[in-house]
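Report on one structure; see the data block that follows.
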Amino acid sequence: MSVQHEWRWCSKDQCLFYAGNAVCPAGGVHSHAASGYYSLMSAGGQMNWKWCKKCQVLSYTGDKIGVCTAGGVHDVSGSGNYGLASDVSARGQQGWKWCNKCRGLAYAQGADPGKCQAGGNHDHGGSGDYVIALNGDPGKNSQENPMYYDLAGFEVASLGVVSKTETFLLFLSLQILFSMFLEAKASPPRAFAQISAPYSAN
């Protein structure tokens, strides 16, 4: 079993797509500015989920191939075969559903169902509730709109792209501050007479 990272949520059509600048049914290209990093597995759960090389969206291909925004139907040639967890007790972010019109996987917990590649909005009728691993760790679980979480599970941004380097630096800073807090709490406060004067270069 292998894991593939760098999947993102598009805030315009609500779909899960592989990071890139592919065409979006809501106009322009997919927007992942407010998205975290999602991971998919090549085994386990419901299989026959595949990546379209034209629109970059993940869609179900077990019964038929859905309509693609880039024209025609999804082109899944060259795609791996992904497995999605359909058990709501599984660890990860819940609220993902299948659209029975375009066959794409879309986040269904927001106020906007998202634009469908087959026209109109997504139709999640008959879909189960899928669970997707967030930032490579299925233990990170948010029931709100997809956002970015750092390594410790703290929400660090809901708008704008946050790089992995920035996330690591923030996480490191939090660790240092926490260590300083524990050290200060462990030692008694010093009397004012013990505090040294400010450093002077003279």
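So that you can scan it fast, the table gives a plain yes or no per residue for (1) more than 13 Å from Met47 (Cα to Cα); (2) surrounded by fewer than 21 Cβ atoms within 10 Å (Cβ to Cβ):
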{"position": "Asp63", "(1), (2)": "no, yes"}
{"position": "Val67", "(1), (2)": "yes, yes"}
{"position": "Ser79", "(1), (2)": "no, yes"}
{"position": "Ser86", "(1), (2)": "no, yes"}
{"position": "Cys102", "(1), (2)": "yes, no"}
{"position": "Pro113", "(1), (2)": "yes, yes"}
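Count, please, the residues in segment 52-93 that happen to be outside any loop (DSSP other than H, G, I, E, B), of a type outside the set (Phe, Trp, Tyr) and closer than 16 Å to Ser127 by Cβ. Lay out the reasoning, then the answer.
Taking segment 52-93 first, the residues outside any loop (DSSP other than H, G, I, E, B) are 57-60, 67, 73, 82-85, 93.
From the residues that got through so far, the ones that are of a type outside the set (Phe, Trp, Tyr) too are 57-59, 67, 73, 83-85, 93.
Then keep just the ones that are closer than 16 Å to Ser127 by Cβ; that gives 57-59, 84-85, 93.
Total satisfying the criteria: 6.
Being free of Cβ contacts under 8 Å to residues at least 60 places away in the same chain and either in a strand (DSSP E or B) or not aliphatic (A, V, I, L, M) (or both) narrows it down to one of Gly36, Gly20, so name that one. Show your work before the answer.
Numbers: Gly36 fails: free of Cβ contacts under 8 Å to residues at least 60 places away in the same chain.
The match here is Gly20.
Mind checking which residues of segment 71-95 are in contact with a Gly (Cβ under 6 Å, 6 or more places away or on another chain) and of a type in the set (Ser, Thr, Tyr)?
Ser86
Readers should treat all values here as calculations from the given coordinates under stated rules, not as data from a laboratory. Remember, it's a predicted structure, so these values are computed and weren't measured experimentally. Heads up, the Cβs are rebuilt from the backbone with ideal geometry, glycines too, and the neighbour counts pull from every protein chain shown.
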